[in-house]
Amino acid sequence: MREMWRGMTLVFAGALLLVGCDDKAPTSPPITGIEGASAQAVSSPARGSPPRSLAPRQSVADGLIGTWGGDDVRITIGAASSILQYDCAHGTIDQPFAVNSIGRFDLVGTHTLEEPGPIREGQTPVARPARYTGWTDGKTMTFAITLTESNQTFGPFTLALDAPGRVVKCL
């Protein structure tokens, strides 16, 4: 008796599966209503489509993570953001450090000018939006900073990977 119930349960489950997986299932999108398109083209849009080229994808270069240094500048590149120190300024890159296939980058962040001496009470340095643009081959890097509000530029700066940099803060 038990075997008969087991067999009937399997037959019933198989029938449900067949009914639920046909082309007319309620979860399938309707194939009608598109003029000039065959059912095959509607159900699988990639078939018959001509190949198209895509722009090179920006890649996060894990090999760039670390400290880069040069005259008057040091960058510490992390997985999600970067910190920059200059003689009389500091900045951030507020995204992963991504380069294209030829090593160029255009990154968004902030740049904060500093003044000599201690920061006075109630006087907070203002972080300005900035773009960091440049190039790297993985061992050396050259970049410039452009303040997006005023179009003022700083640089170019040249750095080397694993170099401490020579930064002398404003006195």
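The values are calculated or read from the model by the stated rules, or taken from the named source; none is laboratory data. In this text the structure is predicted, and so the values were computed from the model without any measurement. In this analysis, Cβ positions are derived from the backbone assuming ideal geometry, glycine residues included, and neighbour counts consider all displayed protein chains.
Can you tell me which residues in region 112-141 are in contact with a Lys or Arg (Cβ under 8 Å, 6 or more places away or on another chain), within 18 Å of G78 (Cα to Cα) and modelled with pLDDT under 95?
none
Quickly run through region 95-148 and pick out the residues that are outside any strand (DSSP E or B), charged (D, E, K, R) and more than 24 Å from C170 (Cα to Cα). Break it down into steps so the answer makes sense when it comes.
First, the residues of region 95-148 that are outside any strand (DSSP E or B): 95-97, 100-103, 114-126, 137-139, 148.
So of that shortlist, the ones also charged (D, E, K, R) come out as 114-115, 120-121, 137, 139.
Of everything in region 95-148, those that are outside any strand (DSSP E or B), charged (D, E, K, R) and more than 24 Å from C170 (Cα to Cα) turn out to be D137, K139.
Filter region 86-109 for residues that are touching a Gly at 6+ places or on another chain (Cβ under 8 Å), of a type outside the set (G, A, S) and surrounded by fewer than 17 Cβ atoms within 10 Å (Cβ to Cβ) and give the result.
D94, Q95, R104
Condition first: over 17 Å from L64 (Cα atoms) and in contact with a Lys or Arg (Cβ under 6 Å, 6 or more places away or on another chain). Now tell me which residues in region 150-169 satisfy that. Show your work before the answer.
At the first step, the residues of region 150-169 found to be over 17 Å from L64 (Cα atoms) are 150-156, 166-169.
Of everything in region 150-169, just one residue is over 17 Å from L64 (Cα atoms) and in contact with a Lys or Arg (Cβ under 6 Å, 6 or more places away or on another chain), namely V167.
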